[in-house]
């Protein structure tokens, strides 16, 4: 069962990577990052069945970091939207030089 | 496990929720509308919460529903509503043909790599250091997590509060509307 959970985690992570690479909407890219964090959480929980409750502690830390990241990232997106009137990553090329 | 059908039922539901998670994740990546994508991601998170409960991590399952599906996704939907992005735009936000092929290729290559790493017969102790599972019989389900969280990782736990404080301050500063003349 742990092997199946790790496989599911790998599949979800790969789906998240595909989403980050193929989408241009900044909010959807952010949600793909959340999906990848969820996949990592799944493998933490699966391995915590083998190695004790430490994995679940780290899941709590990952959730905290995800919440902080969502707050700051969405604030950045709102701030960019005020300047560019768009959340398309094609339009956000200020640092491209 | 008194009933002999219980393991069968267990694995049936395990695969069921796993398939729901994968299907919802695929739907999430392919939806055009951000609201529909967020809803499918919520479905994925609920399926993952069910899997957590099945893997004896009930507390994490509850946290998953409360924090991820309840709080973080609401913030995402709130931003979508605030910026009025709910309707799918006329021009697709997908990358072009070569971009999509490249993304799919990289994703599948990563999947193959991770799967070989998971499947190979290498000793797991080379990847994961062997920590003796100190299962406290009297601690219960949450007691084990709390004992580890508030004893072994107390410093990290306290630093997490500093991280959240910084995130709150950063979000307020970034989201504040600046005056045009300043």
If you line up the long axis of helix A:2-22 against the longest principal axis of chain A, both from Cα atoms, how many degrees apart are they, to the nearest 10? 10 degrees
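Could you list A:9, A:86, B:161 so that the one with the fewest beta carbons within 10 Å of its beta carbon is first and the one with the most is last?
Working: A:9 27, A:86 16, B:161 10.
Taking fewest neighbouring Cβ atoms as first place, the list is B:161, A:86, A:9.
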Note down the nm distance, to one decimal, between modelled labels 7 Å out along Cα→Cβ at residue B:8 and at residue B:36. 3.9 nm
How much FRET efficiency would the formula 1/(1 + (r/R0)^6) give for residue B:164 and residue B:74, where r is the Cβ-Cβ distance and R0 is 25 Å, rounded to 0.05? 0.90
On a 0 to 90° scale, report how tilted helix A:54-84 is relative to the longest principal axis of chain A, with both axes built from alpha carbons and the result rounded to the nearest 10. 10 degrees
If each residue's Cβ is checked for other Cβ atoms within 10 Å, how do B:52, B:153, B:68 rank with the fewest at the top? B:153, B:68, B:52
Which length gain, in nm to one decimal place, applies between residue A:62 and residue A:3 when the Cα-Cα distance is subtracted from 0.36 nm times their residue separation? 19.1 nm
Sequence of A:22, B:30 once ranked by neighbouring C-beta atoms within 10 Å, starting from the fewest: B:30, A:22
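FYI, it's all coordinate maths here, none of it is from the lab. These figures come from a predicted structure and were not determined experimentally. Every residue, glycine as well, gets a Cβ built from its backbone with ideal geometry; the counts of neighbours run over all protein chains shown.
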